[in-house]
Amino acid sequence: YCLGIERLLDIEDLVPEKATVMRVLLMELNRISSHLVAIAPGGMEIGALTVMTVGFRERELVLDLFELITGLRMNHAFIRP
């Protein structure tokens, strides 16, 4: 979304590379966190409690990292146009 807005406003060259890299890394971590939320309950439904506990434990690590970087755990307000 932000990249699209930057392209429409023709300000892609003004955005620092560090900001672009951080944005991509945070979105990839968010994607991994979402996959962990999908896998953990699936493991619980088939009776694999270890899958559930490990999935949620790893997701907590990602959320702790988001909280450290953005100040928020669930609403990642780091990426704004």
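The values are calculated or read from the model by the stated rules, or taken from the named source; none is laboratory data. Owing to the predicted nature of the structure, the values given are computational and were not obtained by experimental measurement. Using ideal geometry, Cβ is built from the backbone for each residue, glycine included, and neighbour counts are taken over all protein chains shown. These accessible areas exclude ligands, DNA and RNA; they are computed on the full protein's heavy atoms, side chains included. Shrake-Rupley method; radii C 1.70, N 1.55, O 1.52, S 1.80 Å.
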_Principal axes of the chain: Cα extent on each, largest first, Å_ = 52, 23, 18
*How much of the accessible area of the chain, in percent, comes from carbon and sulfur atoms when a 1.4 Å probe is used?*
64 percent
*Answer with one residue from L3, S34, A48: the one whose Cα lies farthest towards the positive end of the charge dipole of the chain, charges on Cβ with Lys, Arg +1 and Asp, Glu -1.*
A48
_L14-E67 pseudo-label distance in nm [points 7 Å out on the Cα-to-Cβ vector]_ = 3.6 nm
*Find how many whole Å separate the alpha carbon centroid of the stretch 2-32 from the alpha carbon centroid of the stretch 40-81.*
22 Å
*Label-point separation, F78 to E60 (7 Å along Cα→Cβ), nm*: 2.1 nm
*Residues of the chain: accessible area per residue at 1.4 Å, in Å²?*
74 Å²
*Before anything else, pin down the relative contact order of the stretch 14-76: Cα pairs under 8 Å, at least 6 apart, normalised by residue count, whole percent.*
24 percent
_Angle in degrees between helix 49-70 and the longest Cα principal axis of the chain, rounded to the nearest 10_ = 30 degrees
